[in-house]
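Everything below concerns the one structure shown next.
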Amino acid sequence: MLTVSSCALLLSGCGESTTPSETEPSTTAAVAWADGVCAASADLRASVRSGQTLQLAPAGSRASLDEARTQVRDRVAETRQSAAALNTAVTAVPPEAGAEVEEAQRQLAAQADDVRMEVDQLGTAADEVAAANSARAMGTALVGVKNALSDAAREVTALVGLLRDTTTGAGQSVRDAFGAAPACQKLDATPAPTSS
């Protein structure tokens, strides 16, 4: 038979055991957010690099012009989709993550906006390729695509560098979140190749 003091002790013990679980959802949510941001950044960087490997030197035939249009259209669409995914990931910071994570999110969102603007310019350059109706016009348009890819690569590299800085220079909760996120362990600040 339980005494009053025994019941009080049991209730006290139960109350203490709930404390860790109160903070765990916040930590888990922050790690999931950081993992999503790093994964989306890696996907976007891979997409930009893939675009920079295109052989963008058109010959004079109609078939070669059509092939150039198709390749540029597909690669740029992939890059724009990756940029949109990055924006979604960055803005998906959980409200319970805390002030330090929210501050890191604001910094990353600013850099993600710079990336988005360069990707928008890439889309404009791709439109020029789609409208080109001669080898000369295509050659000029493809130079614009190369330049836009180079600019996008620069901003993506800056984003990855910011992510790496975040893992070492931000608040403790941010460092913990990015340090525990698997996708963030695979990031490095190696610059994407530039168009020549």
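Structure values in brief
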{"quantity": "Index of the failed condition, D43 passing every other in (1) modelled with pLDDT under 55; (2) open to solvent by 70 Å² or more (accessible area, probe 1.4 Å); (3) in a helix (DSSP H, G or I)", "calculated": "(1)"}
{"quantity": "Residue tally, condition in contact with a helix residue (DSSP H, G or I) (Cβ under 7 Å, 6 or more places away or on another chain) and either open to solvent by less than 20 Å² (accessible area, probe 1.4 Å) or of a type in the set (G, A, S) (or both), over region 88-114", "calculated": "11"}
{"quantity": "Some residue of region 54-75 being within 25 Å of F178 (Cα to Cα) and in contact (Cβ under 8 Å) with a residue 12 or more places away in the chain", "calculated": "no"}
{"quantity": "Qualifying residues in region 55-66 (those that are open to solvent by 20 Å² or more (accessible area, probe 1.4 Å) and part of a helix (DSSP H, G or I)) - the one modelled with the highest pLDDT", "calculated": "D66"}
{"quantity": "Count of residues meeting criterion [closer than 15 Å to A109 by Cα and open to solvent by 10 Å² or more (accessible area, probe 1.4 Å)] in region 140-163", "calculated": "5"}
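For every residue, the table says whether it meets (1) open to solvent by 60 Å² or more (accessible area, probe 1.4 Å); (2) at pLDDT 50 or above; (3) hydroxyl-bearing (S, T, Y).
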residue: E16; (1), (2), (3): yes, no, no
residue: T19; (1), (2), (3): yes, no, yes
residue: T53; (1), (2), (3): yes, yes, yes
residue: A68; (1), (2), (3): no, yes, no
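The values are calculated or read from the model by the stated rules, or taken from the named source; none is laboratory data. Note that the coordinates shown come from a computational prediction; the quantities given were computed from them, not determined experimentally. FYI the Cβ positions are ideal-geometry reconstructions off the backbone, even for glycines, and counts take in every protein chain you see. These accessible areas exclude ligands, DNA and RNA; they are computed on the full protein's heavy atoms, side chains included. Shrake-Rupley method; radii C 1.70, N 1.55, O 1.52, S 1.80 Å.
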